[in-house]
Amino acid sequence: MKNLLYIVGAIVGFVLVIYLGVLTRNSLQEYNYIGRDVRDTITINGQGEVEVKPDLTTITLGVYTEGETVEAVQTENTNKMNSIINMVKGMGIDEKDIKTLNFTVNPRYNWNEEGREDAGYEINQNIEIKVRDQEKVSKLLSEGAMLGANQIGGLQFTIDDSASFEQQARLQAIKDAEAKAKDLAGELGLTLVRVVSFYEDTYNNYPTPYYGGMERAVAMDMAMVPEAEIESGSQTVTSNVSVTFEVR
């Protein structure tokens, strides 16, 4: 009787060990695959570019004035800057496209062997102008200098609304990635099933502005100096995409 019990116990123990082993194996398999993407995929990069002529120019005009008293310096600086602003508005520039960047009043000093001595005051004022009619840029710069602007620069050429051009570049980049994916899949004997992920990086390559003669124009009699040549060039809107395709 005892032998029979030993045999039954051994069989039950063996079955239990097998059962626990199967459970452990299944648990390990479940841990190994839950949350893991076991699909076959390929990831392809594509690029699209669109050349665009900038339609918005940003300009900075400033007046720097020195003098013995605050009243004298401010009067001279204000008169010049008001004349410049009135000229800008007279050229059809909207008030919302004219912004004061800074207005500072500081004392000036001279240094010698005996130390510091007062040398009057200085005022610096700059405005930023957005020009939407590119034909006005050169004239605005030249007339600004004639009216007393002695700090001229900050030219930046941009696209006022780049969304449509970014869309064009994106479509080109997607087509580029899709064509590359089809070629690669064909070479590997695979078939594209669907897109499983997509990433895009879009940026605008701003051109370096060219403007000549403005420093000389400020220091010389402006009546003798022609308008500066302004070339905005072109701007490249680029879209880089990374597309992952499921294949089989």
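What the table shows:
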{"item": "Length released on extending from Gln47 to Gln168, taking residue separation times 0.36 nm less the Cα-Cα span", "result": "42.4 nm"}
{"item": "Lysines whose Cα lies under 22 Å from that of Lys80, excluding same-chain neighbours fewer than 8 positions away", "result": "Lys89, Lys96, Lys99, Lys130, Lys136, Lys139"}
{"item": "Taking the range 56-158 and dividing mean pair separation by its residue count, relative contact order in percent (alpha carbons under 8 Å, at least six apart)", "result": "49"}
{"item": "FRET efficiency for Asp118 and Asp94, using Cβ-Cβ distance with R0 set to 35 Å, rounded to 0.05", "result": "0.25"}
{"item": "Total formal charge among the other residues, if their Cβ is under 9 angstrom from that of Lys99, Lys/Arg +1 and Asp/Glu -1", "result": "0"}
{"item": "Size of charge dipole - the range 56-158 - debye, nearest 20, with Cβ of Lys, Arg +1 and Asp, Glu -1, no other charges", "result": "660"}
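Each reported figure results from applying straightforward, stated rules to the coordinates on display, with no laboratory input. Please read all numbers here as calculations on a predicted model, not as lab measurements. Here Cβ is always computed from backbone atoms with ideal geometry, including for glycine, and neighbour counts include all displayed protein chains.
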